[in-house]
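Here the structure comes first, spelled out in structure tokens, and everything after it is commentary.
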Amino acid sequence: MNVDAAKLMSAMPLKLAEQPPVVITTADDGDGAIPAELREWLVRLRLLDGVPFAYLVADTELLPLESIRWFYVDRRWTDALVQGALAVGTANSDDRTLLAARYPAARAELDQEERNLRRPAGSDRYTGGAGPISGFVLRSAAVSGWPAMHVRAFSIDPAGGDDAKIPQDAPGRMRLLRLERLAPAVLLCLFDGVPTVVHLEEPRAGVQFGFDASGPPDEVVATLRPRDATTFDYLTGPPVTVPFRVGAPGVVDIQELQKQLAGRTGSGAADGLDSSEYALQLVRFPFRQVWGQADEPAVSYVFKPTVSYATLVADTFGRER
């Protein structure tokens with residue numbers, strides 16, 4: 001090799017090192033039972049990636065408009081799915097025997113990598129065997145209207161209510177194994193475990209304006225809760241009915257709405273509203289829908305019998321039993 005070629009070859013690693021580092025969230029391709037690339041593909045398969053939607057929801061009537069369905073993942077079904085995918089590469093009885101012998105080790109690797117698929121870059125790897133997987137399928141206009149909807153799951157009900165700021169490492173917060181839109185209005189979510197409380201929240205990407213609406217699309221009724229122009233707190237009293245333009249349902253009559261706000265003391269509309277003050281009245285914080293299992297009292301606490309069985313039978317049949 002001449003000098004120029006040697007300089008060129010020595011410079012190539014330096015140029016590659018200057019590129020942004022590639023973060024690999026799966027295990028390194030070491031002495032595992034299956035290669036890392038195949039292992040990642042099988043993990044995605046176990047999380048139902050690539051599974052036809054008809055296998056998940058057998059009939060559209062099971063997932064009507066504006067509905068959510070909660071479920072558990074049957075690992076016997078996903079294990080059979082993985083075994084079927086691996087069996088494609090077997091050509092004879094020796095291949096099948098070898099696959100059967102190596103499958104327990106391959107399954108153990110998939111159990112561990114399942115939790116590391118969405119692991120944040122730079123964080124420690126998750127260890128331990130695979131636990132239960134639960135999730136939901138949501139079919140709603142909210143999915144298409146807010147593609148970046150936030151989904152958070154908790155094993156305990158977080159304190160703080162709707163005003164709580166819940167970080168990623170909050171106690172009891174559960175990991176998302178998969179969050180994907182299968183269709184413009186269908187969202188699939190898988191949790192690492194069985195949550196107690198699930199929050200679905202509009203994205204906090206920017207400022208948005210809105211009202212509280214109700215009724216069918218052709219008969220929508222909207223209301224607005226006026227805010228104090230100084231403290232930004234909601235004013236006491238009933239909300240203001242939002243007026244729409246004549247012949248244009250769904251289009252707000254801004255001037256008429258300002259006149260209605262002028263009658264509410266403290267809104268600042270009595271002296272006229274500039275653009276910033278109007279925005280103060282119309283701004284709307286992201287809506288959060290909370291799903292959870294309410295604590296129900298025991299039946300013995302709610303229902304206490306006061307009539308004995310013998311008395312009930314005697315009154316019903318007219319004789320002792």
- [ ] Please find the FRET efficiency linking F209 to Q83, where r is the Cβ-Cβ separation and R0 is fixed at 35 Å, and quote it to the nearest 0.05.
- [x] 0.10
Task: Fully extended contour minus Cα-Cα distance, from F287 to A36, at 0.36 nm per residue - done: 86.3 nm
Task: Percent accessible area from carbon and sulfur atoms, the stretch 188-258, protein chains only, probe 1.4 Å - done: 55
Task: Additional length obtainable on full extension of the chain from D124 to Y55, 0.36 nm per residue less Cα span - done: 21.4 nm
- [ ] Output the peptides 125-136, 87-98 sorted from most to least packed, where packing is the average of other Cβ atoms within 10 Å over each peptide's residues.
- [x] 125-136, 87-98
Task: Theoretical FRET efficiency, 1/(1+(r/R0)^6), r = Cβ-Cβ of L62 and A142, R0 30 Å, to 0.05 - done: 0.95
Open item on the list: I need the calculated FRET efficiency for the pair T236 and E180, taking r as the beta carbon distance and R₀ as 30 Å, to the nearest 0.05.
Closed with: 0.10
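The values are calculated or read from the model by the stated rules, or taken from the named source; none is laboratory data. Only a predicted model underlies this, so the values are computations on that prediction, with no experimental measurement involved. No Cβ is skipped: glycine too gets one built from the backbone with ideal geometry, and neighbour counts run over all protein chains shown. Ligands, DNA and RNA are excluded from the accessible area calculation, which covers all protein heavy atoms including side chains. Shrake-Rupley method; radii C 1.70, N 1.55, O 1.52, S 1.80 Å.
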